[in-house]
Amino acid sequence: MDLKSGYPWWAVRNGLPYAFARLRQDLRCDVAVLGGGISGALIADELAAHGHEVAVIEQGEIGWGSTAASTALLQYEIDVHLTDLARRHGEAAAVLAYRACAEAIPRLAEVAGRVRDVDFGRARSLYWASKRRHRRVLEAECRLRLRHGFEVEWLSAPALRERYGIHAPGAILSRLGARVDPYRLARRLLARLERQGVAVFDGSPVERIETAARGVVLRTPEGATVRARHLVLATGYAGQQWLKQNVARNRSSYAFVTDRIDKEALGPLRDTLLWETARPYLYLRDTGDGRLLVGGEDDAVDIPARRDALVERKARTLAARVAERFPALPPLRPAFAWAGTFAETEDGLPFFGPHPQHGPRVHFAMAYGGNGITYAMLGAGLLRALIERRRHPLARLFSFSRLD
């Protein structure tokens, strides 16, 4: 599945720093993780750290899928407002989901600290009202978050202009957020796991999955067989091919990164994740080396050739939108522009765990939505609990049963 177009900055910046082996021999393990992107890497790390014998199998290059196209804004905030999620699933469940995402960010910081040199940095998150009629909705969102202990602050229009130079009706400022180089984190984490004895393979497609009462068998086109007690399908947006049920819709998002910008010119945008209430929304953040990463202009295009043709025009549109919203910034010129496929669920929540179609030993890791890396981090613990037959507070909310 072609998940990206153009030249994602992370892959250009990092190249292919480490080569992984191809799967050519039969293998046995406790858990096979299919997918070598950031989700697969975080799940494999969690399982291996708690004594599970893990094998990671990627059909292409490690990290060279939607991970390379990710803009990696690490937020606890879900694309669906806490207020809307509460109306759909109940306030207790909605708060549980938001808190789990909040707890995932320091855990991501811990993983990044162990791996090192992955451009991880703490950041604020500024969520502004795009239109006047959005202000009341956003104020209600801020009140609900404050009531449940989230560290947020309401910025009025004058305060927003003074502190961020944004002309908007108001905004929620959160202290909890972060950024990372997702491609580098995935590759370096899996290389570290391989040095610790975890089997990691790329260039190794799996053509058939067979399930039985006591395990799962994977077969490759070259004749290799992998026998595992459990399988985790961490194949990102391509994971829907393993299901007959439609659980999400694929869309495309567009992004570009600038050359380095003087720190003074970036001003308050440094160490800040910025996004808006409009849908699709404009979003931007800085990088550790002083660039500005801008994304948005999402659409329903899911045909690679059509998406390819749109990248440059979308990048120009994004640059114009930033210039209109942030007039104090110098003119932005895209140094590298790209697009990537993402999937969104109806309620903005991910899916983790087994699906009735495949039985209890095949676990899906569908970290869908705008904060997929945060979902992958908390999903790693959830999947470990399921594999170890332990209860997890999010197991039902993030399961396929909520579609019933």
> Quick check: is even one residue across the range 72-95 in contact (Cβ under 8 Å) with a residue 12 or more places away in the chain, basic (Lys, Arg) and either touching a strand residue (DSSP E or B) at 6+ places or on another chain (Cβ under 9 Å) or surrounded by fewer than 19 Cβ atoms within 10 Å (Cβ to Cβ) (or both)?
Replying inline: yes
>> Restricting to the range 10-41, count the residues that are in a loop (DSSP other than H, G, I, E, B) and of a type in the set (D, E, K, R).
In response: 3
> Is at least one residue of the range 97-106 touching a Gly at 6+ places or on another chain (Cβ under 8 Å) and either outside the structural domain of Pro158 (by TED's automatic domain parsing) or within 22 Å of Tyr283 (Cα to Cα) (or both)?
Replying inline: yes
> From the list Leu190, Leu266, Leu273, which one is at pLDDT 95 or above, out of contact with any His (no Cβ under 8 Å at 6 or more places or on another chain), under 26 Å from Ile105 (Cα atoms) and outside the structural domain of Gly36 (by TED's automatic domain parsing)?
Replying inline: Leu273
>> One residue is enough: does the range 199-207 have a residue meeting the conditions polar (S, T, N, Q) and assigned to a loop (DSSP other than H, G, I, E, B)?
In response: yes
> Hey, among the residues in the range 199-213 that are more than 23 Å from the chain's Cα centre (by Cα) and under 16 Å from Ala19 (Cβ atoms), which one's surrounded by the fewest Cβ atoms within 10 Å (Cβ to Cβ)?
Replying inline: Ala199
>> I'm checking my understanding of the structure. Among residues of the range 279-300 that are basic (Lys, Arg) and either surrounded by fewer than 20 Cβ atoms within 10 Å (Cβ to Cβ) or more than 18 Å from the chain's Cα centre (by Cα) (or both), which one is nearest to Pro330 (Cα to Cα)?
In response: Arg291
>> Restricting to the range 211-249, and then to whatever is in a strand (DSSP E or B) and touching a helix residue (DSSP H, G or I) at 6+ places or on another chain (Cβ under 9 Å), can you tell me which residue is farthest from Val322 (Cα to Cα)?
In response: Arg229
>> Residue under question is Arg13, and the condition is that it be more than 15 Å from the chain's Cα centre (by Cα), surrounded by fewer than 21 Cβ atoms within 10 Å (Cβ to Cβ), closer than 21 Å to Val216 by Cβ and assigned by TED's automatic domain parsing to the domain that holds Ile373; does it hold?
In response: no
>> Of the residues Val257, Val216, Val226, only one is among the β-branched types (Val, Ile, Thr), surrounded by 15 or more Cβ atoms within 10 Å (Cβ to Cβ) and closer than 25 Å to Ile105 by Cβ; which?
In response: Val257
>> For Ser252, only one of the following conditions fails: (1) assigned to a helix (DSSP H, G or I); (2) outside the structural domain of Gly60 (by TED's automatic domain parsing); (3) within 30 Å of Ile209 (Cβ to Cβ). What is its number?
In response: (1)
>> For the list (1) closer than 30 Å to Thr67 by Cα; (2) in a helix (DSSP H, G or I); (3) not small (Gly, Ala, Ser), I need the number of the one condition that Leu173 fails.
In response: (2)
>> Looking at the range 275-326 only, could you name the residues that are of a type in the set (S, T, N, Q) and more than 14 Å from Ser253 (Cβ to Cβ)?
In response: Thr277, Thr287
> What's the number of the condition Asp308 fails, among (1) assigned to a helix (DSSP H, G or I); (2) without any contact (Cβ under 8 Å) to a residue 24 or more places away in the chain?
Replying inline: (2)
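The values are calculated or read from the model by the stated rules, or taken from the named source; none is laboratory data. Everything quoted here is computed from the prediction, not taken from an experiment. Counting neighbours? That spans all protein chains shown, and the Cβs are built from the backbone with ideal geometry, glycine included.
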